[in-house]
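S.K.: Sharing a structure with you now.
Laboratory data are not the source of any read-out in this text; all were calculated from the coordinates shown. Treat the numbers as computed from the prediction; the structure is a model and nothing was measured. Because the Cβ atoms are built from the backbone with ideal geometry, glycine has one as well, and the counts that use them run over all protein chains shown.
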There are 2 protein chains.
Amino acid sequence: MNTLAEENYLKSIYHLSMDAGNVSTNQIAASLKTKASSVTDMLKKLADKALINYTRYQGVSLTPSGEKIAINIIRKHRLWEYFLVEKLNFKWDQVHDMAEEMEHISSAELIDRLDKFMDYPQHDPHGEPIPDCNGRFKAHELKPISALSVNDSGIISGVRDHTSSFLQYLEKQQLVIGKKIAITEIISFDHSVVLQVENIKEVHISREVANNLLIAL
Amino acid sequence: MNTLAEENYLKSIYHLSMDAGNVSTNQIAASLKTKASSVTDMLKKLADKALINYTRYQGVSLTPSGEKIAINIIRKHRLWEYFLVEKLNFKWDQVHDMAEEMEHISSAELIDRLDKFMDYPQHDPHGEPIPDCNGRFKAHELKPISALSVNDSGIISGVRDHTSSFLQYLEKQQLVIGKKIAITEIISFDHSVVLQVENIKEVHISREVANNLLIAL
DNA sequence: CTCATAATTTAGATAAGTCTAAATTTTTTA
DNA sequence: TAAAAAATTTAGACTTATCTAAATTATGAG
């Protein structure tokens, strides 16, 4: 159907589109760790296939069919991550690279059966929503801890940064998906935050961590 | 580590080596549905990497490191096939193409955990032995039904042909792995065979089917 | 043992995806 | 708003894996 490289470009464009509207050549190059000139070549190819809207120097957006492909890859990525954590007992910081390979397994029937096997999970191990077999999912409406005020509380439901060092740090602090937290104090000097984690313990996190840890109210 | 194409060549050479000693360029070309000239190019590359023993016009064999890689790919293929049948409820005739993709997922830890998750199966859905994480497995010593005589009996334990039409035919006749059969009659005219399948029914199979259905005595 | 045929390899081309370096367009800034 | 800087594209080259057609080597039939 589509090559591995094409799939990775579509996925990257999809993710970058979440932040901004039109995605630039340089953004794609950075996200795929490739050169801008390589990106331009691929953009022409994807535009020829009507998977993106592209005019020279103007950045790109996905067409409906491009978006459909991207969402399907993301569905596969997240279902495989869920499988790796829930069935094979990997930690949430270990699964990304494996899922990067597995998301390209083509069979739709396979992924639908995997979905059923795991009883149709709604979120992957990092809290991201898993699209259903029609590509539909509810975008989660989460706030970073840094947007909360003292005495606000909520449930840890996602992370903005997915690097393993960040995930390992969170795990060590028991700041994992599902935990209830309340804001005890916000240090005005550096915007760091003191949290009460359920009734377990108090944790002091930096502004950077607070920016990357997402809460459902 | 190795490219997808290299892995497929090594696997093909491994399988072909089972029948004959040295494998010819044309055999590989036929098995990979490619051209002999393409095979020659790849053989040079694999020889440079010390994965095969190759001298011009003389055919090839795997070196120990080439064999290790091949067996690992076969291990992955068979474990994924087992997973697809046992966990996702696919039929034995549906899983080959999916496993062809999945066998290239690189993580050794993933495959070892999958192995454990399924409780270390010894055979894939077609009766082929699954190598352990050190590449060891007992080569199964099976005979085709065509090698048996009247009143011989045994357990269906493998198939020589893996095409889905053959597997579907066997399934319809209830000639599946694990079933006990006994030879009732051999028709001398065409070497077709009449079988008693457990206490269920009698089946009449052609010489060709008898050649491709393997029995443990 | 020799010659025709079959098998294999070499030569040269192609397509996908990438790169560097140079050219072009857009954006910023003074 | 014109020049400098940044972003993007083009041009040309490289790698991997493939192909066709031609050349070479091996094999086997008489």
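S.K.: Take A:Thr40 and A:Asn199, extend 7 Å from each Cα along the Cα→Cβ direction, and tell me the distance between the two endpoints in nm.
M.R.: Calculated label separation equals 6.4 nm.
S.K.: Hey, another quick one. Of the listed pairs A:Lys11/B:Lys35; B:Lys76/B:Lys116; A:Lys11/A:Lys76; A:Lys87/B:Lys68; A:Lys11/A:Lys44, which have alpha-carbon separations greater than 23 Å here?
M.R.: A:Lys11/B:Lys35; A:Lys87/B:Lys68
S.K.: While we're on this one: Would you mind getting me the FRET efficiency between B:Ala30 and A:Val176? Use the beta-carbon distance for r and R0 = 45 Å, nearest 0.05.
M.R.: It comes out at approximately 0.25.
S.K.: Where the label is 7 Å out from Cα toward Cβ, how close does B:Arg160 come to the same position in every other copy, in nm, shortest first?
M.R.: 6.5
S.K.: Oh, and also: Give the Kirkwood hydrodynamic radius (Å, one decimal) of chain B, defined as one over the mean of 1/r across all pairs of different Cα atoms.
M.R.: About 18.8 Å for chain B.
S.K.: Let me ask something else about it. Could you work out the helix-only [θ] at 222 nm for the protein assembly as shown, with each DSSP H run of four or more residues adding -39,500 (n - 2.57) and the total divided by the number of residues, to the nearest 500 deg cm²/dmol?
M.R.: Rounded to the nearest 500, the figure is -13000 deg cm²/dmol.
S.K.: What Kirkwood hydrodynamic radius do you get for region B:24-124 when you take the inverse of the mean 1/r over all pairs of distinct Cα atoms, in Å?
M.R.: It works out to 15.3 Å.
S.K.: Kindly put B:Ser61, A:Ser149 in sequence by how many other C-beta atoms sit within 10 Å of each C-beta, fewest to most.
M.R.: A:Ser149, B:Ser61
S.K.: For B:Gln122 and A:Arg113, what does the FRET efficiency come to when R0 = 30 Å and r is the distance between their Cβ atoms, rounded to the nearest 0.05?
M.R.: 0.80
S.K.: If R₀ is 45 angstrom, what is the calculated FRET efficiency for the pair B:Ile187 and B:Met18, using the beta carbon separation as r and rounding to 0.05?
M.R.: Rounded to the nearest 0.05, the efficiency is 0.90.
S.K.: Also, quick follow-up: At a 10 Å Cβ-Cβ cut-off, how would you order B:Tyr54, A:Tyr82, fewest neighbours first?
M.R.: B:Tyr54, A:Tyr82
S.K.: Quick check on region A:4-62: what does the Kirkwood estimate of hydrodynamic radius come out to from the alpha carbon pairs, in Å?
M.R.: Computed over region A:4-62, the radius equals 11.0 Å.
S.K.: Cα centroids of region A:52-96 and region A:1-30: how far apart, whole angstrom?
M.R.: Between the Cα centre of region A:52-96 and that of region A:1-30, the gap is 10 Å.
S.K.: Going from the alpha-carbon gyration tensor of the protein assembly as shown, what semi-axes, largest first and in whole Å, does one get by taking the root of 5 times each eigenvalue?
M.R.: Here the semi-axes work out to 50, 28, 20 Å.
S.K.: Measuring label to label, 7 Å along Cα→Cβ, what does B:Lys33 give against each other copy in nm, shortest first?
M.R.: Nearest to farthest, the other copies are at 3.4 nm.
S.K.: Which percent of the Cα-Cα distances in region B:143-216 go past 18 Å?
M.R.: For region B:143-216, the fraction of Cα-Cα distances above 18 Å is 26 percent.
S.K.: Here's something else I'd like to know. Please arrange B:Tyr169, A:Tyr57 by counting, for each residue, the other beta carbons lying within 10 Å of its beta carbon, fewest first.
M.R.: A:Tyr57, B:Tyr169
S.K.: Once the label point is set 7 Å along the Cα-to-beta-carbon vector, what list of distances in nm do you get between B:Gln196 and its counterparts in the other copies?
M.R.: Shortest to longest, the spacings are 7.8 nm.
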